[in-house]
Amino acid sequence: MPRSFLFSVLRITIAVAAVLALLWWFGVRMPGKNISKAAPLSPDEVALREELRADVQTLAGEIGERNMWRYPQLNAAADFIENSFSRAGLRPRRDSYEMHGQACYNIEAEISGAQATAVSEPPPIILIGAHYDSVFGSPGANDNGSGVAALLALARRFAGKTAQHRVRFVAFVNEEPPYFLSDEMGSFVYAGRCKTRGDRIDAMISLETIGYFSDAPHSQTYPAPGLGILYPKVGNFIGFVSNVHSRALLRRVVALFRKHAKIPSEGAALPAFIPGVSWSDQWSFWRHGYPGIMITDTAPFRYPHYHSSTDTPDKLDYDRFTLVVSAMEKVIGDLVGL
C-alpha cells in the first residue's frame, strides 16, 4: 500500500477526530451530573401524571386532528387552552393574525414579575411555548399534545405566584407544514410582534414532542452520523437542543434540570442547519434575535408514530413524561427567581 495513501487516511482520521473533539467540547459537553435511569414518581407527580394524561386525551382524543384543514378543531383546541388558562386564575390573551381569510390565534398568559427595573429598560421575560396544531392526518398526541399539556400544567403551577421576572406561557398556532420554518408560523408572527414592542425575552423554551421514551437497544437515532458516537443509542432520555448562539442558555437550563431531574438528559448546542436543531418554534425567536432552546424526545429520531395517524394518547410514556415536566417546573422557578 503506497505511503501517500496511508498518510492521506491518517490526515483524514485526525481531522475527523479533531472535529468530533471540538463538537464535544463546545456543543455536547453539558454541566451537571446526569443520571442513568428514571426514578419512581412521588405522590405529587402521580397527580401531575393524571393531569397530563387528561389534557393529552382532550387534545388528541376528543378534539383530534387540528389544523387549517380541520379549522373547527383548531379553534376548539384554542378554546380549550384559553379556558384552561382562565380556570388556573390567569388572564389569557389571543394574539391573532389572518391566514387565507381565516383568523388564527396564539394564546398567551403572563405572570408579572416583582423585580423593579429602570423606566428605560424593559423587564426580562422567560417565555415557555408549545404549538397546539397537529400535522395533516394526525391527532398529534405526542406532536404536540404533550408539549401543550406540559405548558398548561406549568402555567397552573405558577399561577398566583410572584416571581422576580415575568413568565409568559404561549400556545402557538401553525407550526406544522406547510407553515413550518416560514414567516406564516404563529410563533414567527408572535416573535416579530415581541421584537417590535421591544419585549426583552431572555429565554424562550419550546416544549416539542416530549412524551415518548424507550429502553430498547438502538431505539435512538440521530440526524448526522457523527452524533451517534457522542450520544446514547437508547431513547430513554429527554433532549435539550439549541443553536450555537443560544449555547449559554442551553447550558444553564441543562445544569438546572440535572440539579432536580429524576430522568436522564442530554444537551446539544449545534449549528441550526443540522436537521432537527431548528425544527420547532424556537427557530422563530432565533430569527428575531432572541435566545431559545427546544426540549424534545427527539421526535422522528425516536418516535415510530411521528406525523402519523397512530400518534394517539396511548403511545405516550406518562411516567417519564411527568418526570420531565416536574423537573422543568423547578427549572423555570429558578430562572424566574422563585
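Only one of (1) closer than 15 Å to F285 by Cβ; (2) free of Cβ contacts under 8 Å to residues at least 40 places away in the same chain is not met by A191, so which one is it?
Unmet for A191, out of (1) closer than 15 Å to F285 by Cβ; (2) free of Cβ contacts under 8 Å to residues at least 40 places away in the same chain: (2).
Please enumerate the residues belonging to the range 74-97 that are among the polar types (S, T, N, Q) and either surrounded by fewer than 20 Cβ atoms within 10 Å (Cβ to Cβ) or farther than 14 Å from F169 by Cβ (or both).
The answer is N75, N83, S86, S96.
Kindly provide the set of residues from the range 235-248 that are buried (at least 22 other Cβ atoms within 10 Å of the Cβ) and more than 15 Å from F301 (Cβ to Cβ), ordered by number.
Scanning the range 235-248 gives S242, N243, S246.
Can you tell me which condition G145 does not meet? The list is (1) within 15 Å of the chain's Cα centre (by Cα); (2) closer than 18 Å to F285 by Cα, and all the others hold.
Condition not satisfied by G145: (2).
If you scan the range 98-111, which residues turn out to be surrounded by 17 or more Cβ atoms within 10 Å (Cβ to Cβ) and out of contact with any Phe, Trp or Tyr (no Cβ under 8 Å at 6 or more places or on another chain)?
Scanning the range 98-111 gives a single hit, Y105.
If the requirement is being small (G, A, S) and out of contact with any helix residue (DSSP H, G or I) (no Cβ under 9 Å at 6 or more places or on another chain), which of these qualifies: G198, G192? Let's see the steps before the verdict.
Details: G192 fails: out of contact with any helix residue (DSSP H, G or I) (no Cβ under 9 Å at 6 or more places or on another chain).
Of G198, G192, the one residue that is small (G, A, S) and out of contact with any helix residue (DSSP H, G or I) (no Cβ under 9 Å at 6 or more places or on another chain) is G198.
Give the residues of the range 169-184 that are out of contact with any Ser or Thr (no Cβ under 6 Å at 6 or more places or on another chain) and buried (at least 19 other Cβ atoms within 10 Å of the Cβ), sorted by residue number.
F169, V170, A171, V173, N174, E175, E176, Y179
Read the figures in this text as sums done on the coordinates, not as results from a lab. As the structure is a prediction and not an experimental result, all values here were calculated from the model. Ideal geometry is used to build each Cβ from the backbone, glycine not excepted, and the neighbour counts take in all protein chains shown.
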